[in-house]
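Heads up: the structure comes next, in structure tokens.
We did not get these values from a lab; they are worked out from the coordinates using the rules stated. As the structure is a prediction and not an experimental result, all values here were calculated from the model. Here the Cβ positions follow ideal geometry from the backbone for every residue, glycine too, while neighbour counts run over all protein chains shown.
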């Protein structure tokens, strides 16, 4: 059972124990952060010493063994380096999705094998159903506002078969209530939101520290290739951004494209943010590869709407999607998850 | 919840000896006085303090007044380095510490740099031994102190303390030895064996074979109680009379003004008894530990396992080995689930295990270092436990 010290995984662990499973609690140590043990941020939030102390306390309360697994090398190679490389390539990567895929499920499964565990469990809000044929189906959680099936979208049968999501059927208030009933001190802890390894949410600084060329000033062009201003480092911009462009124009301008090879920013009006469709690489499919023409709903961010669409092409490596109506939110580097109703059928990285 | 049935991590800490526990008992309540006060309960506490001081002094052939109580080995290590630095703030100077020291020494050395001192880190050879020539090579005329442990806590490899002490002595440089792991396992005398120079009745023994006896004295030496059957939170720093030192903790006249703070009388009483037991039973304990270790290593030799520093002279209680192709972290956790406690490098603040700096310094690749386990025996361990461990390890290896 992956335990972060938060409410969700704590209650999930309790439910497994109640369900008669032999449970081992673990916290994954992913990121060392800075060295100052007196720094204020070391006392709260995800992936801190404080959170492992909370998880350890809950495990003790449940009378289960508890360990902190060192996954720092894997995390650095698979998530942090990928994050910086993605930014440097003009993309807006989604490190949480990468972390889920490579660390919280794949690397974790490997460790679970080494400890002879049959299942891994997490505190995500999503449902995994096993049908009579032995196939597992990943579905949205019952609490629509908390649904986290999007961040699990890249899992395949290989992982899903061995994953338990004990609170997937529950709604958040009920989870908090259960935590309080169990006497868990974490019952009122706030949900974590920010990217765990970036301090103070300053992505630009994090990227620039590791890829200094991302701080170089460069030109801003409009849709027609006319230079309309200068930017102060591509690390500071993402597609869809309006603030911080420093351009006076009759209509509000948005970043529509990041041209990393030329260190240039392309801006345009709001309508230019809408796309007819998109392509994706690094495809994963929860079951078989869907056929062209299949109706799907494509979700492009966590906690956003899924856009009705159809599959233009799909194979083991990637897919192409056509929206039913032009839609915003196509951000290269972000993950697109495809749904059939409330079931996840696959995922990929937007190109 | 699973329980630890077989405890093989005695280099981390040891269970409290019943005699030590008994010695501590009166000082929680009956004789609770502050040892610095003049009334009856305090006088009794003071007597316990001084009695224990003699007991610990005897373990290393020191004068009782050269033993100063500290909060443990970590404080002793910090103090040895920083205390010498504080006494030389005027002109600064140079320190030599080995790369295989405990973090208490390594991180204090980092602080020395922040204070404006220069520090060189002496490298070990591939057997985990810092050669005296390496120390001599780094020696400068501004060198103030050399710090080298007697037995490494991860590999057990014995360091050539006698030879290094001699080099220091000849150069007029202070020598600090962290004896946390060797105390109670190997005979040790702070005076070495100089002709007519030994202060102990039985004469200075130096380290027992195969090393020659140390010909030169040590100036500073770290001891910890809980590695020899004493309580946690108490240690000592041996400080040779006349050593140019300054206090680390200030604000009281305790310990003759060398270390401020009300003394932990119960723990000190326990330390004294543990030190006596370690001294009196040294030979039989060492023989028992060696029997256990040999049995373990004979068993391991039948598996795909590389024993670290097998060619070096080692403390009798420690055996580190690389389990080829296995992740030590998972192996240690599986062993825990099966009821065994073994060591795997040091833990960070959150409890995650970090790869060993000692193995890295010896030239092991990170991947190999991540496959290293440490078994360290205590006098309470038995041959049957070793056999059960080997059996379990074999089963875990076959699982994959």
Legend entry - Highest-MSF residue in chain B out of B:364, B:39, B:238 [GNM, Cα springs under 10 Å]: B:39
Legend entry - Whole-percent pair-distance distribution, where bins are 10 Å wide, for the alpha carbons of the range B:275-400: 12, 42, 34, 11, 1
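For the residues B:101, B:297, B:384, B:255, what sequence is obtained by ranking on other C-beta atoms within 10 Å, fewest first?
With the sparsest Cβ surroundings first, the list reads B:384, B:297, B:255, B:101.
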Inset, instruction - Starting from the Cα gyration tensor of the range A:136-259, take the square roots of the eigenvalues, sort them a ≥ b ≥ c, and report rounded, prolate or oblate (rounded when a/c is under 1.5, otherwise prolate if a/b is larger than b/c, else oblate). - result: prolate
Inset, instruction - Taking all pairs of distinct Cα atoms, average 1/r, flip it, and tell me the Kirkwood hydrodynamic radius of chain B in Å to one decimal place. - result: 21.7
Legend entry - Fewest-first ranking of B:227, B:91, B:166, using other Cβ atoms within 10 Å as the exposure measure: B:91, B:166, B:227
Legend entry - Cα-based helix-to-principal-axis angle, A:7-18 vs chain A, degrees rounded to 10: 30
Legend entry - Debye log10 I(q)/I(0) at q = 0.24 Å⁻¹ for the range A:216-272, Cα point scatterers: -0.90
Inset, instruction - Starting from the Cα gyration tensor of the range B:110-173, take the square roots of the eigenvalues, sort them a ≥ b ≥ c, and report rounded, prolate or oblate (rounded when a/c is under 1.5, otherwise prolate if a/b is larger than b/c, else oblate). - result: oblate
Inset, instruction - Could you work out the equivalent-ellipsoid semi-axes for the range A:55-137, taking the square root of 5 times each eigenvalue of the Cα gyration tensor, largest first, in whole Å? - result: 27, 20, 13
Legend entry - Mean Cα-pair separation over length for chain A, i.e. relative contact order, pairs under 8 Å, 6 or more apart, %: 15
Legend entry - Mean separation of Cα contacts under 8 Å (6+ apart) over length of the range B:18-280, as relative contact order %: 27
Legend entry - Prolate/oblate/rounded call for the range B:1-72, Cα gyration tensor, a/c under 1.5 rounded: oblate
Legend entry - Cα Rg, Dmax (largest Cα-Cα span) when computed across the range A:274-350, Å: 10.7, 30
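At 222 nm, what value in deg cm²/dmol follows for chain A if DSSP H runs of at least 4 each add -39500 (n - 2.57) and the sum is divided by all its residues, to the nearest 500?
Calculated mean residue ellipticity at 222 nm is -5500 deg cm²/dmol.
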Legend entry - Antiparallel DSSP beta bridges within the range B:18-280, as percent of all bridges there, nearest 5: 40
Legend entry - Ellipticity estimate at 222 nm from DSSP helix runs (n ≥ 4, -39,500 (n - 2.57)) divided over chain B, nearest 500: -11000 deg cm²/dmol
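Pull up the DSSP beta bridges for the protein assembly as shown and report the antiparallel fraction as a percent, rounded to 5.
Percentage antiparallel, nearest 5: 70.
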Inset, instruction - Enter the angle in degrees (range 0 to 90, nearest 10) between the Cα long axis of helix A:172-181 and the first principal axis of the Cα atoms of chain A, meaning the one along which they spread out most. - result: 30
Legend entry - Choice from B:145, B:335, B:292 showing the highest fluctuation, given a GNM over chain B with Cα pairs closer than 10 Å: B:335
Legend entry - DSSP bridge pairs, the range B:10-169: antiparallel proportion in percent, nearest 5: 10
Legend entry - Span per principal axis, largest first, for the Cα atoms of chain A (Å): 66, 54, 35
Legend entry - Max mean-square fluctuation residue, GNM over chain B, Cα-Cα springs under 10 Å, options B:61, B:235, B:93: B:93
Inset, instruction - Grab every C-alpha pair in the range B:223-278, bin the distances at 5 angstrom width from 0 up to the longest one, and report whole percents. - result: 4, 18, 24, 22, 18, 12, 1
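How do B:323, A:312 rank when sorted from fewest to most other Cβ atoms within 10 Å of their own Cβ?
Going from least to most buried by this count: A:312, B:323.
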Inset, instruction - Would you compute, for the Cα atoms of the range B:1-140, the largest minus smallest coordinate along each principal axis and list the three values in descending order, in whole Å? - result: 54, 49, 32
Inset, instruction - Quick one: compute the contact order of the range A:224-351, relative version, from alpha carbon pairs under 8 angstrom and 6+ residues apart, as a percent. - result: 23
Legend entry - Size-normalised alpha-carbon gyration radius of the protein assembly as shown, reference 2.2 N^0.38 Å: 1.15
